[in-house]
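The values are calculated or read from the model by the stated rules, or taken from the named source; none is laboratory data. Remember, predicted model here, so these are calculated numbers, not experimental data. Note: ideal-geometry Cβ built from the backbone for every residue, glycine included; neighbour counts use all protein chains shown. Ligands, DNA and RNA are stripped out before the accessible areas are found, and what is left, the full protein with its side chains, is counted by its heavy atoms. Shrake-Rupley method; radii C 1.70, N 1.55, O 1.52, S 1.80 Å.
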Amino acid sequence: MSSEPTTTPQAPPAWGDPQPPTPKWSGRKTAIAAGVAVAIVAVGGVAIYAGASANSANGQGGMGRTGGPGGFGGQMGGRNGGAASTLLSALHGDFTLSQNGGYVTERLQTGEVSALSATSITVKSKDDYTQTYTIDSGT
């Protein structure tokens, strides 16, 4: 005589059988996902602000300046704008920052959240560029 519990295997669902209900998101998961989306936008904004402020404070001019000591002479950004305004109107892209003696690559994307799950968030920009970002315990 065996003391192990016995289980009866379930038959696989047949075509046309009703689907099991989709698990609902808890309010907490929704709040976490929304917080992650806000954090992604905030980090991008802070990085842009820090980069633009650092260039101005260092006297390096910056892209779009029209000359002067250390300036780029307007070669990169033109006279009507500059790096900060260009990045503020950017839809998506990667950029690298100097940080603590090393380099950090940051990703920027503006748009609408088109999908959200417990493990990822998908953002679609105005130019139809779509990217899915993984959400994990380190996010």
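Structure notes:
- Using R0 = 41 Å, the C-beta based FRET efficiency linking residue 19 and residue 128 works out to 0.85.
- Kirkwood Rh in Å, taken over region 90-138 so that all alpha-carbon pairs contribute: 12.2
- Per-peptide average of other Cβ atoms within 10 Å, ordering 100-107, 122-129 highest first: 122-129, 100-107
- Legend: residues 133, 49, sorted from most to least accessible area (1.4 Å probe; ligands, DNA and RNA excluded), read 49, 133.
- A simple spin-label model places the labels of residue 86 and residue 136 3.4 nm from each other, with each point 7 Å out along Cα-to-Cβ.
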